[in-house]
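The values are calculated or read from the model by the stated rules, or taken from the named source; none is laboratory data. On a predicted model such as this, the values are computed, not experimentally measured, just so you know. Ideal geometry is used to build each Cβ from the backbone, glycine not excepted, and the neighbour counts take in all protein chains shown.
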Amino acid sequence: MSKPTSGTFSVLIDQDVFFFSDPNLNEDRNYTQGTAFVYSNPDLMKSPFFWPLRKVEKYLEKTNRSGNPIQRMNASFGLGGTAFTPLKIDSMNTIVGDRPFAFLFYASTSAGFVKTKEFHRHGETVTRKIYNTYTMNVGLFGTNLGYQFQGFAHKYIIKGRPEDPFGWNTQISQGGSPTLLLQYNRFRPLFSVGDALFNDGDKSLLDLGWNFGGSVGYYDRVFNDLYLRLGFINKSNQACATSTKLELDS
């Protein structure tokens, strides 16, 4: 009987800059907050919820021409919410010329895979790992959760903002509207520091990497960025380099 795979639980938070010393400096604007609760475990791929991602894995294995097998990095399931607001949140009327209220509650499934490439450079064989993450979010706009969460946060956590934000009655899709997001991320580590301090060679204290990706659904976009991480880093978990902003980036 195989030993069960251990999992990890994470709480991911995006937040406006806020000040405890002078609450009058606090404000809500544009993307104001996001929170996600995420459980990660490779065994999640056996769940019916991960059927689309199992199809992706089979396609990657079928089209792999590198000579090295595709390795499953991880799988994650998350529940989260994220909010957009205008600057003025104490008006019952729509604020013309500013971003409208919007809140998304979503469930997310994500899976990561490692592809190893070998090539020759200056007479030596060089190995390079490419990390690919595929994410599917199913969500609901227009619930009352945005109003409840923002009121709670302003009352107990972030002082200086209205505790009863009136404008949520004008939010996008008031009453509920389903939505979907499909996203792809490609991570390529560039260099790392501190590898010699660990025995397994898959950990470091600092790393720099490149991330390219895109999404379709409630976000239609292409993005390209660099990321820098500091701490006790598991290099195989490149997906945690991205923001949770409506994505998980998981």
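Name every residue in the range 49-95 that is under 27 Å from residue 31 (Cβ atoms), assigned to a strand (DSSP E or B) and not hydrophobic (A, V, I, L, M, F, W, C), in order of residue number. 74, 76, 78, 80, 81, 82, 85, listed by residue number.
Rundown of residues vs (1) hydroxyl-bearing (Ser, Thr, Tyr); (2) on the phi > 0 side of the Ramachandran plot; (3) part of a helix (DSSP H, G or I), yes/no style:
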position	(1), (2), (3)
179	yes, no, no
185	no, no, no
188	no, no, no
191	no, no, no
196	no, no, yes
204	yes, no, no
212	no, no, no
219	yes, no, no
224	no, no, no
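Report yes if some residue within the range 65-81 is basic (Lys, Arg), in contact (Cβ under 8 Å) with a residue 40 or more places away in the chain and within 30 Å of residue 166 (Cβ to Cβ); otherwise report no. No: zero hits.
In summary, residue 220 fulfils each of the numbered conditions (1) over 28 Å from residue 109 (Cα atoms); (2) exposed (fewer than 15 other Cβ atoms within 10 Å of the Cβ) with the single exception of condition (1). Every test in (1) over 17 Å from the mean Cα position of the chain (by Cα); (2) assigned to a strand (DSSP E or B); (3) surrounded by 15 or more Cβ atoms within 10 Å (Cβ to Cβ) is passed by residue 127 save one, and that test is (3). Only one of the numbered conditions (1) under 14 Å from the mean Cα position of the chain (by Cα); (2) at pLDDT 80 or above is not met by residue 33, and that is (2).
Test residue 167 against the stated conditions and say whether it is loosely packed, with under 14 Cβ neighbours inside 10 Å, over 24 Å from the mean Cα position of the chain (by Cα) and at pLDDT 75 or above. Considered against the rule, which asks whether it is loosely packed, with under 14 Cβ neighbours inside 10 Å, over 24 Å from the mean Cα position of the chain (by Cα) and at pLDDT 75 or above, residue 167 comes out as no.
Residue 87 passes every criterion in (1) within 21 Å of the chain's Cα centre (by Cα); (2) exposed (fewer than 13 other Cβ atoms within 10 Å of the Cβ) apart from (1).
Counting just the residues of the range 61-74 that are over 20 Å from the mean Cα position of the chain (by Cα) and either of a type in the set (Asp, Glu) or buried (at least 16 other Cβ atoms within 10 Å of the Cβ) (or both), which one comes out farthest from residue 111 (Cα to Cα)? Out of the qualifying residues, it is 61.
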